[in-house]
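Since the structure comes first, as structure tokens, the remarks are kept for the end.
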Amino acid sequence: MLQSALQDSTAIEDYLEFSNSFYQDLLGYKPEQTSLQTLTQEQWRPFSERIGLNSNSSGIYLPRNQMAIIQEENPLSLFHEYFGHGLFCEQSLIGRKLVDLEKALLEEERQEFQGRQFTLEDVQKFRNKNQMFQELEEHRKQNLGIYEGFAIWTEHLLSGEFGISDEFEGRYNSFSRKERELTDSVINFSKKYGDLAVFYAWGMKKVQDKKRLLRLSQDLFKDKLDRTRLVLHFGSGKEFSDIDLFIVSNEISPSYDYWLDIRASRIGEVEEGIKVLNPMVTDPVMVGRTIFGDGRYLDELKRKILAQPITDEAIRFSLQEYESEKKRSQDKSLGKHLQEKNLRSAKTFLTNALALKNGDKVFTFNGLVDYARERLSHSEKFIELKGGIE
């Protein structure tokens, strides 16, 4: 916890410095584009009245300026406005869109009122007819719960790190029932799965390096990780893509969420996957980065893949998986994202079946994409076997 480093100091500068260090260590980034302005109590009242803000409030975040304005010596407001709203607007797609819409509206307002005097009523009339403003309001309405919920959870997280949870508890007691339920659900989620999981579930940018993926694995799997043979990271690793983990464990089960895809296999299942040259096994084993586990065991799996001969069983397996994934891709109850994911899997298995039938072993997803493009795109047999999937 950070309170020991503060040595009883309560200056906003100290909270700012140590919170930045906390986020840099946890997430791999901290607020960079957000500015901070602090006002005294005497300054706050006329400021809040001027912008129509409740004078009992203690802070505000302005997305179009990416500025947090707070009362001085109020750490909860710093946590909520600067690290909650500020970081969310910098490092989530929802927040970035909010900032972009605000800035686009600001530019249109500047063009409308440039060179002439105007009132707040004039601005309101302009906005009521402005398409950009309507889009902004719709975006705000759809994402208000996420936007505010993230900032409230940030208060909880950082107040705990600084040992001032009692201040947050005072705020919590003033929440509505709906706000309490949301806060409780996120706190319980963080206790079960860890802080990184909360950030990623909120849609924040992911730095998919070994340090953070190991911490995430430790938070998710607890003591089961100690009895796990391998945790490999594969996939694109892009900052807003889901995290793809391939796990060899007799205790961890496969699961899928929009931000995390856990492909877990028992040891025996991995061996069976190698025998049929299942690309869902061969790809992560051949190209995945080790997050946790036995390097010698990984080398052994790679040797077995390279030595495994092509069999009729392997070809049949990929064709059967193609049919299964194709069928799942047409199931609208799964949602568009999973349908598209299953469609990609179907194409992968179909290409693998054709490659194996041609006597070629292609172990990786990227390799299969290139193979389909270079070797199969004009094959009559490949077109026939596509079964109308494209």
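The values are calculated or read from the model by the stated rules, or taken from the named source; none is laboratory data. Treat the numbers as computed from the prediction; the structure is a model and nothing was measured. Note: ideal-geometry Cβ built from the backbone for every residue, glycine included; neighbour counts use all protein chains shown.
When residues in region 329-358 are screened for being within 23 Å of residue 244 (Cα to Cα), among the basic types (Lys, Arg) and free of Cβ contacts under 8 Å to residues at least 40 places away in the same chain, 3 of them pass. Of the conditions (1) within 21 Å of the chain's Cα centre (by Cα); (2) polar (S, T, N, Q); (3) under 23 Å from residue 138 (Cβ atoms), residue 33 clears all except one; give me its number. Residue 33 satisfies every listed condition except (3). Restricting attention to region 319-326, does a residue exist that is touching a residue at least 12 places away in the same chain (Cβ under 8 Å), acidic (Asp, Glu) and within 23 Å of residue 246 (Cβ to Cβ)? Yes, some residue in region 319-326 is touching a residue at least 12 places away in the same chain (Cβ under 8 Å), acidic (Asp, Glu) and within 23 Å of residue 246 (Cβ to Cβ). Reported count of residues in region 9-51, each being surrounded by 15 or more Cβ atoms within 10 Å (Cβ to Cβ), among the β-branched types (Val, Ile, Thr) and not in a loop (DSSP other than H, G, I, E, B), is 2.
Kindly indicate whether residue 105 is in contact with a Phe, Trp or Tyr (Cβ under 6 Å, 6 or more places away or on another chain) and more than 28 Å from residue 11 (Cβ to Cβ). Against the criterion (in contact with a Phe, Trp or Tyr (Cβ under 6 Å, 6 or more places away or on another chain) and more than 28 Å from residue 11 (Cβ to Cβ)), residue 105 qualifies. Looking only at residues in region 281-300 that are under 20 Å from residue 352 (Cβ atoms) and touching a residue at least 40 places away in the same chain (Cβ under 8 Å), which one is surrounded by the fewest Cβ atoms within 10 Å (Cβ to Cβ)? Of everything passing the filter in region 281-300, 287 is surrounded by the fewest Cβ atoms within 10 Å (Cβ to Cβ). Among residues that are outside any strand (DSSP E or B), under 26 Å from residue 355 (Cβ atoms) and modelled with pLDDT of 95 or more, residue 269 is included. Restricting 81, 90, 108 to those that are among the acidic types (Asp, Glu) and over 23 Å from residue 24 (Cα atoms) reduces the list to 108. When the test is whether a residue is in a loop (DSSP other than H, G, I, E, B) and crowded, with 19+ Cβ neighbours inside 10 Å, residue 262 does not pass it. Every condition in (1) out of contact with any helix residue (DSSP H, G or I) (no Cβ under 7 Å at 6 or more places or on another chain); (2) modelled with pLDDT of 95 or more; (3) surrounded by fewer than 17 Cβ atoms within 10 Å (Cβ to Cβ) is met by residue 383 except one, and the failing one is (2). Only residues that are over 20 Å from residue 201 (Cα atoms) and not in a loop (DSSP other than H, G, I, E, B): list them for region 232-259, please. Hits for region 232-259 are 232, 247, 248.
Checked against (1) of a type outside the set (A, V, I, L, M, F, W, C); (2) surrounded by fewer than 18 Cβ atoms within 10 Å (Cβ to Cβ); (3) at pLDDT 95 or above, residue 177 passes all but condition (3). In region 222-231, is there at least one residue being part of a loop (DSSP other than H, G, I, E, B) and touching a helix residue (DSSP H, G or I) at 6+ places or on another chain (Cβ under 8 Å)? Taking every residue of region 222-231 in turn, at least one turns out to be part of a loop (DSSP other than H, G, I, E, B) and touching a helix residue (DSSP H, G or I) at 6+ places or on another chain (Cβ under 8 Å). Every condition in (1) assigned to a loop (DSSP other than H, G, I, E, B); (2) more than 26 Å from the chain's Cα centre (by Cα) is met by residue 207 except one, and the failing one is (2).
Taking into account only those residues within region 37-72 that are among the aliphatic types (A, V, I, L, M) and under 26 Å from the mean Cα position of the chain (by Cα), which is farthest from residue 162 (Cα to Cα)? This residue is 62. In region 293-330, of all residues being under 32 Å from the mean Cα position of the chain (by Cα) and not in a helix (DSSP H, G or I), the one that is farthest from residue 361 (Cα to Cα) corresponds to 330.
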